[in-house]
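To keep things clear, I will list the structure first and then write my remarks on it.
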Amino acid sequence: MIRFGVRCLYVILFLAVAGLGVVSFYLGEFSKDLPDVARLQNYQPPVLTRLHANDGQLIAEYAINKRIFVPLHSIPKHVVESFVSAEDQYFYTHPGIDLQGIMRAAVTNFENLGSGKRLQGASTITQQVSKNFFLTNEVSYVRKLKEMILSFRLEKVYSKQKILELYLNEIYLGFGSYGVASAALEYFNKSLDELTVGEAAYLAALPKAPGNYHPTRRKKAAIERRDWVLNRMHEDGRITTEQMMAARQEELTVARRSEVSFVKADFFAEEVRRELLDRFGEKGLYEGGLTVKTTLDPKMQKLAQDSVIWGLRAYDRRHGWRGPVANMKPEGDWPGKNWAERFGKIADPIGLHEWKLAVVLRLTDQAAFIGFKDGTTGKIPLALMKWAGKYRTVDAKGRPPRVPADTLKLGDVVPVALVTEDRKGKAFPPDTYELHQIPEVQGGMVVMDPHTGRVLAMVGGYAEFSKDINEYNRATQAQRQPGSAFKPFVYLTALDNGCTPSTIVFDGPVVVDQGPGLPMWKPKNYGGKFYGPSTLRLGIEKSRNLMTVRLAQSVGMEKVAQTAKKFGVVDAMAPHLAMALGSAETTVVRMSRAYSMLVNGGKNVRITLFDRVTDRNGKTVFKHDNRPCEGCRPGPWNGQAVPQIPDTRAQLNDPRSVYQVVSMLQGVVQRGTGVTVASVGKPLAGKTGTTNDSLDAWFMGFSPDLVAGVWVCFDQPRTLGRREAGSRSAAPIFREFMKKALADKPATPFRIPKGVYLMKVDKITGRPPGDGGLVTGDGEYTGESGKLITELFKVGNDPYTPGCGTIGEMNGELAGESTPSGAGSTTPAAGGVY
């Protein structure tokens, strides 16, 4: 019997040793292919990139996974403890695996054999880190064994604090958020230190299955799971009874990150994203955790957006009612009981903005009664749809409706806006709405600091930016002709080549031989009239096409093309006379840069959308302003002189010629084609632009420290209408923007360079008083007007200097051109600085 017992003991020992050998063998085999856990020592998780406005407000975030990395010491204690209690209450004492938990899971899995239920794993926080960083989500005993081995290794290499930090920044918690910091923002729109105990407990309830505890779709289950976490925290001694009871009474209220949290500038943000992608690559943009300080000014952006929307709506109203968004095709007893349900299936169109979609339920002679998707109702009085005469053609609009049925039909789906009072302040009854229409016309706008090239605001179209639906940025991507907005660069070229603002150019018919087989080119002034001998100043103020063509012919189109390239309007302009009238295609942002270099005195500036980019560690990886600044970090202030930062901008042009152009563009606003802008009441200058058949309408303008470019058009080129010049379609948008942008700014005058002086000249002849008149094309003599203006001249280039002389012979002949005899007016016109 003793011998039998000894033999059994030997057998048991042999089996144990063999078993250990087998286990050791398999553990060794499993371990061969396992990754090295030491690589997490310098682990940098993919972190989202954030774009900030110039005042720090958030514009956009870019990431494959929404993650904000937060060091453990910056995560509040109650947040950490909620996850430990919920996921691994013995975390601080176990070696990487929880043996008791494993035994419970094993028993449960044995009982569920054949049931089809998912295997339980009793994973500790360390095991979850092992799985998330090194393994797949495969449900198997092999993967579980690998997970355990890795967990033992993790515990030997890293502290509990490091493992917790990895876990809390890596775990997926639903709503597209990775890590607790991102989840706090996505669920509650809060930073971690703002979370209540109840909110922290809810987040800790999510790791196992976020979808099972959705805060709105499965709210009851979510609250039960949150309360279970609170109970565990109380059992573990991590919160008091009072804290637990108070947290259980909290309402589970989701506050998704609202639009208010972001500055609305999607077209601008997309331009920044594209540039970051080019500069840092896809991995750097979406995983690098970049912090981008952009140039965007939120106030300017809002003003620009509002001004463009206002201007395009005003244009659209001038041309009449095109019809409803849709019609619900009423049948039988309209509207019936389920009209709101049917209406709710109609998607809101792009471009609705602050308006609401309504359906016409009933019509009377005085009002249209409307309903909304939530079942509420209102009415549109006839007076608030009087603008909606039927669109006939771009130049013809029907008469105002006499009854609502002239414009609307039952079932029509239309945009409306709530109104509370009329223009005189008289109150409307409650639930009164005005009829509106989403414009077809489009536009773009860029606002820029002329001294730095920093883009302060950008509007890419009427509707909101929408990926794959409305991502065409008309401010940067639309290549269109600038028309007369290009003329200042023709005049600048002439001023660089000896002309003065008083130089006389003949405004009369022009016929240009374009070569064999081509028709004669016969440009015309807007309106078709001729005005005879006129000063350069008047030519640009009144936007005379024929004077501009003669001027370009005189100085040479090759020189004009060089000026266009130098100022960045276009990279390569064909030296054809037609180009002098702005037929070379460009963009709003390029024109804005070109005008910036006019107002800043001819200094070169680079367009920039962001000032600085830092990486996840706060190191600067890009800086727009790289000027040296000795003494900018001198330590304590001891009364030393303020450091002087050098101006490293290249001087592209004679600042005197540039200022002469600026002075003449002031005249455009004061009494020329841009006079509608004068009501702003601040020193402003600018130029209208209208292309052939009014396909494009422009206004490029500026104050001494702010440039704004506006362009109005249709995406598929077609006429805006014969009366829709830049002065009517685009200039009012600029005016409305500048009124508000400069409202609290002093009336700063334009800066005058050295080397210029003012002289009194006759407004008709452009010559000093007593210096004689002009002989017109038919031999008649036009004397002085007797009215003097103050004109701007360069030192050494005044009316007595030959300069570029009179351009265009008074008998109509001009080199390379022929002018029909006897055509046009012979009465000189005038302009100037009064």
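Cβ-Cβ contacts under 8 Å between residues 6 or more apart (or on different chains), taken from a first residue in the range 418-429 that is within 12 Å of P381 (Cβ to Cβ) to a second residue that is in a loop (DSSP other than H, G, I, E, B) and open to solvent by 70 Å² or more (accessible area, probe 1.4 Å), are listed as F428/T420.
Report the residue count in the range 672-692 for those that are over 17 Å from K740 (Cα atoms) and outside any strand (DSSP E or B).
Taking the range 672-692 and keeping what is over 17 Å from K740 (Cα atoms), we get 672-675, 686-692.
After this cut, where a residue has to be outside any strand (DSSP E or B) as well, the list is 672-675, 691-692.
Adding up the residues that qualify gives 6.
Once the range 236-253 is narrowed to residues that are out of contact with any helix residue (DSSP H, G or I) (no Cβ under 8 Å at 6 or more places or on another chain) and either in a helix (DSSP H, G or I) or at pLDDT 95 or above (or both), the residue that is least open to solvent (accessible area, probe 1.4 Å) is M245. With a requirement of 2 or more residues that are among the β-branched types (V, I, T), the strands (runs of 3 or more DSSP E) lying completely within the range 300-413 that satisfy it span 356-363, 377-381.
In the range 628-685, the residue that is surrounded by the most Cβ atoms within 10 Å (Cβ to Cβ) out of those that are at negative phi, among the small types (G, A, S) and in contact (Cβ under 8 Å) with a residue 40 or more places away in the chain is G674.
Conditions (1) open to solvent by 10 Å² or more (accessible area, probe 1.4 Å); (2) modelled with pLDDT of 95 or more; (3) closer than 21 Å to D88 by Cβ, marked per residue:
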site: Q161; (1), (2), (3): yes, no, yes
site: L164; (1), (2), (3): no, no, yes
site: N169; (1), (2), (3): no, no, yes
site: L173; (1), (2), (3): no, no, yes
site: Y178; (1), (2), (3): yes, no, yes
site: L185; (1), (2), (3): yes, no, no
site: S191; (1), (2), (3): yes, no, no
site: Y202; (1), (2), (3): no, yes, yes
site: P207; (1), (2), (3): yes, no, yes
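Give the range 135-150 a look and list any residue that's modelled with pLDDT of 75 or more and buried (at least 16 other Cβ atoms within 10 Å of the Cβ), or say none. Result: K146, M148, I149, L150.
For the range 520-537, what are the residues that are crowded, with 24+ Cβ neighbours inside 10 Å and outside any strand (DSSP E or B)? Break it down into steps so the answer makes sense when it comes.
So in the range 520-537, the residues crowded, with 24+ Cβ neighbours inside 10 Å come out as 533-537.
Hits for the range 520-537 are L536, R537.
Report yes if D744 is open to solvent by 50 Å² or more (accessible area, probe 1.4 Å) and over 26 Å from L792 (Cα atoms), otherwise no. Spell out how you get there, then give the answer.
Numbers: open to solvent by 50 Å² or more (accessible area, probe 1.4 Å): yes; over 26 Å from L792 (Cα atoms): yes.
Answer is yes for this residue.
Does R256 meet the test of being without any contact (Cβ under 8 Å) to a residue 40 or more places away in the chain, out of contact with any strand residue (DSSP E or B) (no Cβ under 9 Å at 6 or more places or on another chain), assigned to a loop (DSSP other than H, G, I, E, B) and of a type in the set (K, R)? The answer is no for R256.
Are any of the residues in the range 478-499 in a loop (DSSP other than H, G, I, E, B), in contact with a Lys or Arg (Cβ under 8 Å, 6 or more places away or on another chain) and either open to solvent by 40 Å² or more (accessible area, probe 1.4 Å) or small (G, A, S) (or both)? Yes, the range 478-499 contains a residue that is in a loop (DSSP other than H, G, I, E, B), in contact with a Lys or Arg (Cβ under 8 Å, 6 or more places away or on another chain) and either open to solvent by 40 Å² or more (accessible area, probe 1.4 Å) or small (G, A, S) (or both). If only residues of the range 284-313 that are among the aliphatic types (A, V, I, L, M) and under 16 Å from M458 (Cα atoms) are counted, the one that is surrounded by the fewest Cβ atoms within 10 Å (Cβ to Cβ) is I309. Which members of the range 325-356 meet the condition of being within 16 Å of Y433 (Cβ to Cβ) and touching a helix residue (DSSP H, G or I) at 6+ places or on another chain (Cβ under 8 Å)? Across the range 325-356, the qualifying residue is only H353. The set of residues from the range 420-468 being assigned to a loop (DSSP other than H, G, I, E, B), touching a helix residue (DSSP H, G or I) at 6+ places or on another chain (Cβ under 7 Å) and aliphatic (A, V, I, L, M) comprises just one member, V441. When the test is whether a residue is more than 19 Å from V446 (Cα to Cα) and either surrounded by 11 or more Cβ atoms within 10 Å (Cβ to Cβ) or touching a Ser or Thr at 6+ places or on another chain (Cβ under 9 Å) (or both), V613 passes it. Among the residues of the range 791-810, the ones that are at pLDDT 70 or above and surrounded by 12 or more Cβ atoms within 10 Å (Cβ to Cβ) come to 13 in all.
Is it the case that some residue within the range 723-740 is without any contact (Cβ under 8 Å) to a residue 12 or more places away in the chain and open to solvent by 10 Å² or more (accessible area, probe 1.4 Å)? Scanning the range 723-740 turns up no residue that is without any contact (Cβ under 8 Å) to a residue 12 or more places away in the chain and open to solvent by 10 Å² or more (accessible area, probe 1.4 Å). One residue stands out among those in the range 607-641 that are among the polar types (S, T, N, Q) and outside any loop (DSSP other than H, G, I, E, B): the one that is farthest from the chain's Cα centre (by Cα), which is T620. In the condition set (1) under 34 Å from the mean Cα position of the chain (by Cα); (2) surrounded by fewer than 16 Cβ atoms within 10 Å (Cβ to Cβ); (3) over 27 Å from V308 (Cβ atoms), G332 is compliant with all but (1).
Matching residues to (1) at negative phi; (2) without any contact (Cβ under 8 Å) to a residue 40 or more places away in the chain; (3) not acidic (D, E):
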site: L206; (1), (2), (3): yes, yes, yes
site: N212; (1), (2), (3): yes, yes, yes
site: P215; (1), (2), (3): yes, yes, yes
site: V229; (1), (2), (3): yes, no, yes
site: M233; (1), (2), (3): yes, no, yes
site: G237; (1), (2), (3): no, yes, yes
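Checking the stated criteria, D715 turns out to be farther than 18 Å from L665 by Cα and either of a type outside the set (F, W, Y) or open to solvent by 70 Å² or more (accessible area, probe 1.4 Å) (or both).
Identify all residues within the range 703-737 that are assigned to a strand (DSSP E or B) and more than 21 Å from the chain's Cα centre (by Cα); write none if there are none. Once the filter is applied, which keeps residues that are assigned to a strand (DSSP E or B) and more than 21 Å from the chain's Cα centre (by Cα), the range 703-737 yields only S703. Count of the range 564-606 residues, restricted to those that are open to solvent by 10 Å² or more (accessible area, probe 1.4 Å) and among the hydroxyl-bearing types (S, T, Y), is 1.
Any residue at all in the range 464-477 that is open to solvent by 30 Å² or more (accessible area, probe 1.4 Å) and without any contact (Cβ under 8 Å) to a residue 40 or more places away in the chain? The answer is yes, given that some residue of the range 464-477 is open to solvent by 30 Å² or more (accessible area, probe 1.4 Å) and without any contact (Cβ under 8 Å) to a residue 40 or more places away in the chain.
The values are calculated or read from the model by the stated rules, or taken from the named source; none is laboratory data. Owing to the predicted nature of the structure, the values given are computational and were not obtained by experimental measurement. Note that each Cβ is placed from the backbone with ideal geometry, even for glycine, and that neighbours are counted across all protein chains shown. Accessible surface is based on the protein model in full, side chains and every heavy atom, while ligands, DNA and RNA are left aside. Shrake-Rupley method; radii C 1.70, N 1.55, O 1.52, S 1.80 Å.
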